[in-house]
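The values are calculated or read from the model by the stated rules, or taken from the named source; none is laboratory data. The model shown is predicted, which means the values in this text are computed figures rather than measured ones. All Cβ positions, glycine included, derive from the backbone under ideal geometry; neighbour counts span all protein chains shown.
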Amino acid sequence: YYSLVFPNYTDLMKEFQQGATEAETETGKQNHNILQLRSGLVYGLNKVDAGVISQVYASQRVVTGVVQPDGSYYTQDLQKDTIFSLSGSRYQKISNRLSFSPSLGIKTRASNQNYLHFATMGSTPTFHSGYYDYIDISVNLPLFFGLSKKWEFVFEPEIVQRLYSSRKPRDENNNFVEGETQKNLLYLFSFVFNKKSSDVSTTSLFYIYQQQSSNVKFEKYLPYNYTGHFVGLRYSLKY
């Protein structure tokens, strides 16, 4: 169990509407308490992990499509999110220098929070329920090549498919497309050279190629269809 606090976060829309003198009442919207439970089972070369996370927000209220007595669209209910994950993996040694560790995972998120879409400032919003609910399906297929006693090369392809339960995709003009739900498909290809300096320390040089495609075409503020490249150097200790 732990708590996350964002002391500098404020609701900028509310601050703009009410004036800076009342902005203090709009702080802390992202503060939340987290209860996390995890368990794992190892059987031979196989491993199964399961977990559940419950997030309860301290002051972030749930929005609705009906104007409330205080003139806002916020109800008195606090936002609550539940994330469930389940994964299975297997470590398979193919030869003295080559090993394989495929894994399959699934993650679901359920939230009581909804979404109000304002086409323009001051326009009547459209209400979207279940906007943040989704399911992730991931496949990871890492290959480990032992180059020497100290050096190792890792090639790790990963695919993550995110399927939203109710959220509709948007076209180029920021209009919701009826009859569809949003889908994101992410590809990750990692190339890593590991040098084992000692029994507890490892230095890694890595390159990651990332590509995502989505049926969301409105990308004025956030990219949904993109390609990325990452290069990094990492030093890790394990006891």
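Structure summary
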quantity: Complete set of residues in segment 85-124 that are among the small types (Gly, Ala, Ser) and surrounded by 13 or more Cβ atoms within 10 Å (Cβ to Cβ); calculated: Ser85, Ser87, Gly88, Ser89, Ser99, Ser101, Ser103, Gly105, Ala110, Ser111
quantity: Pair list, Cβ < 8 Å and 6+ apart or interchain, from segment 174-197 residues that are among the aromatic types (Phe, Trp, Tyr) to residues that are part of a loop (DSSP other than H, G, I, E, B) and buried (at least 16 other Cβ atoms within 10 Å of the Cβ); calculated: Phe176/Lys168; Phe176/Pro169
quantity: Number of the exception - Thr82 against (1) over 20 Å from Lys47 (Cα atoms); (2) of a type outside the set (Lys, Arg); (3) loosely packed, with under 13 Cβ neighbours inside 10 Å; calculated: (3)
quantity: Test set (1) in a strand (DSSP E or B); (2) of a type in the set (Ser, Thr, Tyr); (3) within 18 Å of the chain's Cα centre (by Cα) - Tyr224 fails condition number; calculated: (1)
quantity: Residue, farthest from Val139 (Cα to Cα), within segment 74-112, restricted to residues that are under 26 Å from the mean Cα position of the chain (by Cα) and outside any strand (DSSP E or B); calculated: Asn112
quantity: Test set (1) in contact with a His (Cβ under 7 Å, 6 or more places away or on another chain); (2) surrounded by fewer than 17 Cβ atoms within 10 Å (Cβ to Cβ) - His128 fails condition number; calculated: (2)
quantity: Failed item in (1) part of a strand (DSSP E or B); (2) under 16 Å from the mean Cα position of the chain (by Cα), with Tyr132 passing the rest; calculated: (1)
quantity: Hits in segment 135-157 (condition: charged (D, E, K, R), over 15 Å from the mean Cα position of the chain (by Cα) and part of a strand (DSSP E or B)); calculated: Glu152, Glu156
quantity: Gly71 being in contact with a Leu (Cβ under 8 Å, 6 or more places away or on another chain), more than 27 Å from Lys107 (Cβ to Cβ), in a loop (DSSP other than H, G, I, E, B) and not polar (S, T, N, Q); calculated: no
quantity: Scan of segment 167-197 for residues that are assigned to a loop (DSSP other than H, G, I, E, B) and either under 22 Å from Phe155 (Cα atoms) or within 22 Å of the chain's Cα centre (by Cα) (or both), ordered by number; calculated: Arg167, Lys168, Pro169, Glu180, Thr181, Gln182, Ser197
quantity: Among the residues listed as Val66, Val52, Val56, Val48, the single one being in a strand (DSSP E or B), modelled with pLDDT under 95 and surrounded by fewer than 16 Cβ atoms within 10 Å (Cβ to Cβ); calculated: Val56
quantity: Residue selected from segment 140-163 under the condition of a type in the set (Val, Ile, Thr) and without any contact (Cβ under 8 Å) to a residue 40 or more places away in the chain, by the criterion surrounded by the fewest Cβ atoms within 10 Å (Cβ to Cβ); calculated: Ile159
